[in-house]
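Please read through the structure below; I'll follow up with questions.
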Amino acid sequence: MRRTERAAAALLVSLGLGAAALPAGAQTLRLAVAAPATSFDPHYHTLTPNAALADHVFEALVERTPDSRPVPGLAESWKAIDDLTWELKLRRGVKWHNGEAFTAEDVVNTLSRVPKVANSPGSYAVYTRGITRIEVIDPHTLRLHTDKVHPLLPTDLTQVAVIWRGLGDEVATADFNGGRAAMGTGPYRLERYDHGSRAMLVRNEAYWGEKQPWERVDYRMIPSNGARVAALRAGDVDLIDSVPTQDVEGLAKESGIHISRADSLRSILMRYDMREQTPYVAGPNGEKLDKNPFLDRRVREALSIAINRKGIAERVMSGAANPTGQMMPAGTFGYAPDVPAPAYDPARARQLLAEAGYPNGLQITLLAPNNRYVNDAVIAQTIGQMWARIGVKPVVDTMPASVFFTRTAQQDNSIALSGWSNTTGEPSAGMRGHFATRDRAKGWGAVNHTLYSNKAFDALLTQALETVDDEKREAMFQRMAKMIADDFAYIPLHHQVNLWAMRDTLAHTPRADEMTRAMDVKPRG
């Protein structure tokens, strides 16, 4: 079904698009974030900056606490009524921003749309593929039927924002970016969206939940570290995220500014291209190779152990990082105690390259964003210098995140520095999205642009996703973490420490998922 003309007109009236000026005396919170959103469509790209911005306007059936535990959202409760069926009781009295009532039909429309989003660089279908049928019992009760036992379905639903049924399940991403479809049930309404640079939000006075203290939110995207810090110091913004690690100590000492921090669920990592041929790797003198060196485990291991993770954490990250050998941080569900960060050993790395047939090294282009992760470009340059010590001639190619994600989605790279934000608090999404063999029907491998494939890993993942017992499922996830670590399927680097800086008139609740949201900021006092 398609959005009707009547629905479009109602949306334009409800959103009040074009009224961008801030009225005098309005209580406005001014936020500046480092990473621009790639879309206002909540189903377009599984990217934390997109989710953080969308959270102001849209809501999920199940929400997450600051430490990523599931809590009721648009669903008041959920329960498994048999091995293949989850029943959800929906919240009553919730209104869409256009005044329409929230019902089970909105959920039906949402789940129908998710796998249909065109040109998605990271599909949300990984969270919905297990649902085979939706049964509406009444306007506030529905049952989700699954193809197999699916104990993590409520956790998966934390990732899926619900949209109004009047939009239809074929509403275009452009309609969200243009504001025409950017209408939800959340605490704020979208007033204006300047793609990639700014969003103006106004408080939803009819919101069903806790009333927000801010009448308006000025949500700015300022990728430049220097410009973002300068804006805070000048009083042009009230709070910034992704504080440059070298500025933390100085900002903390400044009058009127304080720092908020939380250990992050974000893993910074690099992925190898596992195709038979790869475009940006050559012999030591630039000569074409007859095969992709990354298909040799010895080459993968050599590049990994040539990296001094502790040195990066201490010197590049100024201590705001924890070196790791896996995607899950210590203390979380699925963390494997027997998978340490690979030891720095450049001598062995040189030996492994020689054993693999590359005694004179390789030429490798490392792709990286320069405005997405904390110190991303500097980390990439540092790794390039470390690789040079084992005979690898690096070309470090950094670029804006929008270009970077387009290139990786098109497989236009050989090895890339990237990250994964474990917003669900457990590893299944990352395992399915990054390391499972690509399978469109299952929704697996949505961001596995490297085409890594391991049948034993896939089999164990399938078993884990159908295991109801938490202890047994965690043991399987730990085995999978060790499996891909032993295979050097990727290069894990560190987990970030999330850092925010703000006026001392504000109180902030830091989030492990690194989202920056107005809902987590209150006036102090």
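Grab the Cα-Cα distance for Leu451 and Met399, subtract it from 0.36 nm times how many residues apart they are, and report the gain in nm with one decimal. Before the final figure, lay out the partial values.
Working: separation 52, 0.36 × 52 = 18.72 nm, distance 2.29 nm.
Computed gain between Leu451 and Met399 is 16.4 nm.
So how much slack lies between Arg275 and Ala388, counting 0.36 nm per residue of separation and subtracting their Cα-Cα distance, in nm?
Working: separation 113, 0.36 × 113 = 40.68 nm, distance 2.41 nm.
This chain segment gains 38.3 nm when fully extended.
Follow-up question, since we're still on this one. Per the Debye formula with a single identical scatterer at each Cα and no solvent contribution, what log10 I(q)/I(0) holds for the stretch 266-496 at q = 0.08, 0.15 Å⁻¹?
Debye output, listed in q order: -0.27, -1.01.
Between Ala354 and Lys288, what is the label-point separation in nm under the 7 Å Cα-to-beta-carbon projection?
The answer from the label model is 3.0 nm.
Still on this structure: Please say if the stretch 5-221 is rounded, prolate or oblate, where rounded means a/c under 1.5 for a ≥ b ≥ c the square roots of the C-alpha gyration tensor eigenvalues, and otherwise the choice is prolate for a/b larger than b/c and oblate otherwise?
Details: a/c = 1.68, a/b = 1.61, b/c = 1.04.
Judged from the Cα gyration tensor, the stretch 5-221 comes out prolate (a/c at least 1.5, a/b above b/c).
Using only the Cα atoms of the chain, what do you get for the radius of gyration and for Dmax, in Å?
Cα-based Rg and Dmax for the chain come out at 23.3, 70 Å.
For the stretch 316-390, run through the trypsin sites (Lys or Arg not before Pro) and keep only the ones in DSSP coil with at most 13 other Cβ atoms within 10 Å of their Cβ. Kindly include the intermediate steps, with their values, before the conclusion.
On the way: sites: Arg348, Arg350, Arg372, Arg389; in loops: Arg372, Arg389.
Within the stretch 316-390, the qualifying trypsin sites (Lys or Arg not before Pro) (loop, at most 13 other Cβ atoms within 10 Å) are Arg389.
Pop a pseudo-label 7 angstrom from the Cα along the beta-carbon direction at both Ala252 and Thr406 and give the gap in nm to one decimal.
In this crude spin-label approximation the distance works out to 4.0 nm.
Cut-off under 14 Å on the C-alpha distance; same-chain residues fewer than 8 positions from Lys455 excluded. Which aspartates and glutamates are left, in chain and number order?
Within reach: Asp439, Asp487.
Could you name the aspartates and glutamates in cross-link range of Lys148, using Cα to Cα under 13 Å and dropping any fewer than eight places away on the same chain?
Candidates past the 8-residue exclusion: Asp82, Asp83, Glu466.
How much net charge surrounds Ile222 when only the other residues with a Cβ under 15 Å from the Cβ of Ile222 are counted, with Lys and Arg +1 and Asp and Glu -1? Don't skip to the answer; put the middle values down first.
Numbers: positive: Arg30, Arg198, Arg220, Arg228, Arg233, Arg372; negative: Asp194, Asp218, Asp236, Asp238, Asp241, Asp247.
That works out to 0.
Give me the three principal axis extents of the stretch 321-440 from the C-alpha atoms, as integers in angstrom, largest value leading.
Largest first, the stretch 321-440 extends 43, 36, 32 Å along its Cα principal axes.
Let me ask something else. Treat each spin label as a single point 7 Å out from the Cα along the C-beta direction, and report the Asp486 to Thr65 distance in nm.
Label at Asp486, label at Thr65, 3.6 nm between them.
Contact order normalised by length for the chain, with contacts defined as Cα pairs under 8 Å and 6 or more residues apart; what percent is it? Kindly include the intermediate steps, with their values, before the conclusion.
Numbers: 1172 pairs, mean separation 107.5, N = 525.
Taking the mean separation of contacting Cα pairs over the length of the chain, I get 20 percent.
Under 17 Å from a point placed 7 Å out from the Cα of Asp338 along the Cα-to-Cβ direction: which residues of the stretch 474-491 have their backbone N that close?
Residues passing the 17 Å test: 474-488.
Throughout, read-outs are computed from the coordinates displayed, never taken from laboratory work. Computed from a predicted model, the values in this text were never measured in an experiment. Neighbour counts are summed over all protein chains in view; Cβ atoms, including those assigned to glycine, are modelled from backbone coordinates with ideal geometry.
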